[in-house]
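J.: A single structure is presented below for examination.
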Amino acid sequence: MKRPRKERVPLEDPGTFGLSLGEILRVPGAETPSPAPSAPPVREEPPPAPGAPRSGFGKVTLQRQSKGRGGHPVTVTVLEPPSGNLEELAKRLRKALGCGARVEEGRLVLQGDLVDRAKAWFEAAGATRVVVSGR
């Protein structure tokens, strides 16, 4: 036994519902949203108190690389002398820069071309010298 067909509401007649979809969604007094920034901002950690010891970074070397990575750019970070726990530092960089980070052969590898943002982060964290090589 077939069910009887339901009566369809005509969509061409906007007077059927009283308002069109655009009128329902339009909020009075609302402005169009501003476009989102193109790059996420670098989350800054609070500066150390005056007289407090710095973070302990010595010379930091940043390099752009894509060879052997399928053409995908990465930022390789070499710390001299090597800082204590590189896994913890990778975790801090992941949160601060909003990117992937891992430790490979005693070096930090950041996913993406993040040399400028990483340089700003290390300088704010108290590195004595930040060098960008391979430009």
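J.: Looking at region 65-81 only, could you name the residues that are in contact with a Lys or Arg (Cβ under 7 Å, 6 or more places away or on another chain), open to solvent by 60 Å² or more (accessible area, probe 1.4 Å) and within 26 Å of Gly126 (Cβ to Cβ)?
T.: Glu80
J.: Provide a single number: the residues in region 82-135 that are open to solvent by 90 Å² or more (accessible area, probe 1.4 Å) and more than 21 Å from the chain's Cα centre (by Cα).
T.: The number of residues fulfilling the criteria is 6.
J.: Out of (1) modelled with pLDDT under 85; (2) surrounded by 10 or more Cβ atoms within 10 Å (Cβ to Cβ), the odd one out for Leu62 is which?
T.: Checking Leu62 against (1) modelled with pLDDT under 85; (2) surrounded by 10 or more Cβ atoms within 10 Å (Cβ to Cβ), the one that fails is (1).
J.: Name the pairs: first residue in region 113-133 and among the acidic types (Asp, Glu), second residue open to solvent by 50 Å² or more (accessible area, probe 1.4 Å), Cβ to Cβ under 8 Å, at least 6 apart or on different chains?
T.: Asp113/Arg64; Asp113/Pro73
J.: Mind telling me which of the residues Val109, Val115, Val130 ends up being in contact with an Asp or Glu (Cβ under 6 Å, 6 or more places away or on another chain) and within 18 Å of Lys59 (Cα to Cα)?
T.: Val130
The values are calculated or read from the model by the stated rules, or taken from the named source; none is laboratory data. As the structure is a prediction and not an experimental result, all values here were calculated from the model. Neighbour counts run over all protein chains shown; Cβ positions are idealised from the backbone, glycine included. For accessibility, only protein heavy atoms count, side chains too; no ligands or nucleic acids. Shrake-Rupley method; radii C 1.70, N 1.55, O 1.52, S 1.80 Å.
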